[in-house]
Every structure is written in C-alpha cells, then in structure tokens.
Amino acid sequence: MRLQFMLSEIWTGLRRNLSIAVSVMLVTTVSLYLLGLGLLLQREVDTLKGFWYDRIQVSIFMCGDDSAEPNCAGRGVTDEQRTALKDQLDQMKPLVKNVYFESEQQAYDRFQEQFRNSPLASSIRVGDIPQSYRVQLSDPTKYDVVVSAFQGAPGVGRVQDQQKTLDKLFTVMNGVTVASLGLAFIMIICAVLLMATTIRQAAFTRRRETGIMKLVGASNLTIRLPFVMEIVLATLVGVGASVGLLYATIHYLTGYVARELPDVAIVGAGDVWVVAPTLAAIMLIIAIVTSWATLRRYLRV
Amino acid sequence: MIRFENVSKVYPRSSRPALSDISLEIERGEFVFVVGSSGSGKSTLLRLVLKEEGVTQGAVLVAGQEVGRLPQRKVPRLRREIGTVFQDFRLLPNKTVYQNVAFALQVLGRSRHAIRQVVPETLEMVGLDGKEKRLPHELSGGEQQRVAIARAFVNKPPILLCDEPTGNLDPTTSLDIVRLLDRINRTGTTIVMATHDDDIVDQLRKRVVELKNGHIIRDENKGVYGSGR
C-alpha cells in the first residue's frame, strides 16, 4: 500500500510538472552525451595507442641511390652498412622485439595497396621509397633510444618514429576531450540548477499537501521521497536517452571508419556499455544530492 | 497531558513577547477553551504544542515529553499524537471527502485494509456518511470543517487542537461543530480550542483560559467568555 501510494504521488507530481520534468530530462541527456563523448574519446586514445603499439614503431630508412638526405651524400647504402645496421639492431634486444626488412619493391607494393584509390599511387616509382628496417619495440615509449642510435649512422637516410605522428593526433584528441568535458561540466551545472528550481517549484505547488503531511506527522522521508523520485525518474530517462545517442553516434562512426579507414582501430558499441554505468552513477548521485539539499532548504519541518 | 511551565515566546523582530511566563496544565480528557482577542497569544500557544515554533524560555510538555528537547526527526511522532483543525479547513481541493481523510492515514503508511475500515467509520461519526465522493467545493462550510475534523481525528490522536474552528461559520453551524468536538471529547480525547466565539463558550460551560497580551488573566472551570466581549 505504502509503495502504491508513493507511486501514485510520484505520478501525479510528474504529470502536474510535466514540462519542467521534460526539461530536466533534456538537460541531463545533453550533459551526459557530452560527458560520454569525452570519456569515449579517451577510450579511443587508449585503443589507438594499443593498436599502434602492436605495430611498427620505428622505421629506419636507408639511403637510396638518389636520396636527398644530407647524411647519404648521394650514395646508396652498401651491403656492409646494411648488415652492420642489422647487427646493431640485434644487439639491442630485448628493447628491440622484432625487425623486418622492407625492400624498395615491397615498399612500392605496400604503397600501391594503401593508396590504390589515390592519384598519388601512379606518381610513385620503385625506388622512390627507400628500403628500410621496420622495428617493433618491447617498450614503445623508449623509441628515443633507437632513434638516437641510428640517426646519422652510415647508410641511414632518416629515422622515423610513429610516436611523433601519433602524439600529434593524441594532442588533437585530448584537446577535443577537454572541450567536451568542459561543455559537459557547464551542462551539469545547468542540470543541477534546473533540478533545484524544479524542486522549489514543486514544493511550492504542493505546499498544501506537504503542509497537511507535516501536520498529521508524516515522516520526513515520506514527505520528501516523492520529490526526489520525480527528479530521479527524469534523470533516468535522460541517462537512457544519452546512452542511446552515444550508441547511435558510435554505431554511425564505426560504420564510417570501417569503410573509409579500414586500417584504424576505433571504439565500438561495447565501449558505450562500459561508459554507461559511470554516466548513470554520476548523474544519479548529482540528482539525489541536489534534490535532497534543496528539499532541506525549501521543505522545512 | 499538556503542560506549560513558565513559557515565554518572543518572535524575532518583535518588541513585545507573544507569550510571557505562561504556566498551564491541561489534564487528559479535558475540554479547554482558550479565549482572548486577536494577538493575545492563542495561536502561538497551539503552535508551541505542535513544535511549529520553539519556546524562548520555559518548557512545554506533551504527554510527558518535553517538546523543546525533541530532536527534529522525532517531531513527526509528536504530531501523530495531535490532531489539528483550522479556521480555513485546509482540505485538498482535488481530492474527495474520502480521499482527504484517507490521505492522513496513507502518508503514515497505514495499510489499505485499515484505511477502508477506519475512514468510513470516522466519516459516519462526524455525520458525513453518504458524502464520501464529494469534492470540498461541493460542500458547505460546516461540512468542510467536518471533513477537516474527520481527518484530524481519523488517526485517533489523544489530543485535538482547534484554532478558531468556527471562525468561518455561521452561529448555528458553529454550534453543531462544537457539539461534534464535545462528542469527540467524550471518547477521552483532550481538546484545546482557541476561539473568540462568545456564544459557544457561554453555552458549553467548559474550562476557559483567557489570554491578554501574552498573559493568562483568567482560568476557570465552567466559565463564560467574560471580559473580552
């Protein structure tokens, strides 16, 4: 009975205050959507790191016959130099996990494959991309050791570490994360203020009921719980909507990336489900704390 | 049942105390009229019993408990022991007679079964049987006050406080309402009624406590309205 009465109180309360309940829901949706995007971007950064760290981290490009690199001085790498480089790499185990040799022909083939849809492909000839050692590290963060060891070594044109390219990408992604988290923070402040206003208004429109409840000796919990539950319900709907939006966004993005950038790892729907409980917990705590604090102030015994 | 021990109450930003050094003892089962002109302190006296206000000095005891020492979380329990009736009825306009009375029990978490049993009984006692489904605006003033009394009494509190319950009613209806309160009093309920309705006080011949400027100037059994007239 008690539960049923409570539910009917909540239901009448929501119906009477429908427009403002909807606005609480919408603000919750938007703030959690932004917060969720920020969290997912961070997961994407982690995913990309993992993805790239499994692959080649440092490429040691050797001199070709007409390399423009100053270290080559117009001469191609000799067989002795190449063997010396390989020996030196082998000595750097266990930091160096794997070394692959890529010939000019292999480099050309790979380029043709990667850029098959681009006009660039036809402008490249065999020999334009020099032969290289592709090095995989056991600890990708220590690429500096390899770079400094081979930069300027005889027969080496250029040492390129993927980390630098990745770092630029990560900087951009971190920037977007900060921006979305910042917006989410502002939206959450809006949500808190809106919830407080909602409670104030609801407490005012129902002052007769709460006045009688106080007089006949209803407990504080009985008087306040319907108000809190209304906010919690609106919040839950908002949480659901934001998770749905995040899922839709990721679903669309994964489809797009899979078509256009098949070589890039991206967060999937699974990550949305990982983030969702965090979003729900954050917003529910905010909702409960805000409404309880507001009620303490505006619904005195 | 209710005892005031040297109670003073000064409202903030007020120069004159609303009650000053009041001592009063009301026994279980008594019917007491508190009379006096507006501003004499009648309402303040009732509000102190309900702990809607705290005392400035002294102690108010209700059923042996000192109200001033009661922590806030125990105030609801105190109020369950006290029914309250007001001049302006304070009914919920969108609930029927039955729902208005049942509301008082629902918010206390009573079972549906108990409510179905006790609400019709109470409505019959106050003379409203057959009008359960009416809304407050479809009732006369006297009937609305009966609903309010039913709501205050449905939980069978040992004390009933009435703050000018006949203030909005004509003399005949007023007398009916007070007769109803008298009947409730005979079930053993202590009744404290603040009023300035001299006819009623003179007819019922109950204990009369007269307040003036926050002081008790008269306390007599089987009294009449007297000086304030």
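Annotations
- Applying a threshold of 31 Å to the alpha-carbon distances of B:Lys133/B:Lys222; B:Lys131/B:Lys212; A:Lys97/A:Lys164 flags B:Lys133/B:Lys222; B:Lys131/B:Lys212 as lying beyond it.
- Cα-based reach from B:Lys156 at 18 Å (exclusive), listing aspartates and glutamates while leaving out same-chain residues under 8 positions away: B:Glu27, B:Glu30, B:Glu81, B:Glu121, B:Glu124, B:Asp182
- Residues of segment B:104-134 that lose at least 40 Å² of accessible area (1.4 Å probe, protein heavy atoms only) when the other protein chains are present, relative to their chain alone, are B:Gln106, B:Val107, B:Arg112.
- Top of A:Leu221, A:Leu40, A:Leu137 by mean-square fluctuation, Gaussian network on chain A, Cα under 10 Å: A:Leu221
- Taken per residue, the accessible surface of segment A:55-162 reaches 57 Å², heavy atoms only and a 1.4 Å probe.
- Summed buried accessible surface, chains A and B, 1.4 Å probe, nearest 100 Å²: 1900
- All aspartates and glutamates inside 15 Å of A:Lys86 as judged from Cα atoms, apart from same-chain residues fewer than 8 positions distant: A:Glu102
- Shape call, the protein assembly as shown: gyration tensor on alpha carbons, a/c limit 1.5: prolate
- Chain B - share of DSSP beta bridges that are antiparallel (%, nearest 5): 45
- Burial of 50 Å² or greater, segment A:213-241 residues [accessible area, probe 1.4 Å, versus chain by itself]: A:Leu215, A:Val216, A:Gly217
- Ranked from largest to smallest solvent-accessible area, with a 1.4 Å probe on the protein heavy atoms, B:Ile26, A:Ile288 come out as A:Ile288, B:Ile26.
- Within-13-Å neighbourhood charge of A:Thr198 [Cβ basis; K, R +1; D, E -1]: +2
- Charge context of B:Phe86, other residues only, Cβ under 9 angstrom, K/R +1, D/E -1: -2
- Portion, in percent, of the accessible area of the protein assembly as shown that falls on carbon or sulfur, probe 1.4 Å: 55
- Contact order relative to length of chain B, as percent, for alpha carbon pairs under 8 angstrom and 6 or more apart: 28
- Comparing B:Arg16, B:Arg146, B:Arg205 in a Gaussian network model of chain B (Cα springs below 10 Å), the most mobile by mean-square fluctuation is B:Arg16.
- B:Met125, B:Met193, reordered so the largest accessible area comes first (probe 1.4 Å): B:Met125, B:Met193
- Pairwise Cα inverse-distance average, inverted: Kirkwood Rh of segment A:6-70 (Å): 17.4
- Inter-part distance, segment A:208-229 to segment B:1-74, computed on C-alpha centroids, equals 24 Å.
- Under the criterion of Cα pairs below 8 Å and six or more residues apart, the relative contact order for chain A equals 33 percent.
- Taking the centroid of alpha carbons for each part, segment B:147-203 and segment A:162-203 are 60 Å apart.
- Classification of segment A:55-162 by its C-alpha gyration tensor yields an oblate form. The axis ratio a/c (a ≥ b ≥ c) is 1.5 or more, and b/c is at least a/b.
The values are calculated or read from the model by the stated rules, or taken from the named source; none is laboratory data. Source: prediction; values computed, not measured. Methodologically, a virtual Cβ is constructed for each residue, glycine included, from the backbone with ideal geometry; neighbour enumeration extends over all protein chains shown. These area figures cover heavy atoms from the full protein model, side chains too; ligands, DNA and RNA do not enter into them. Shrake-Rupley method; radii C 1.70, N 1.55, O 1.52, S 1.80 Å.
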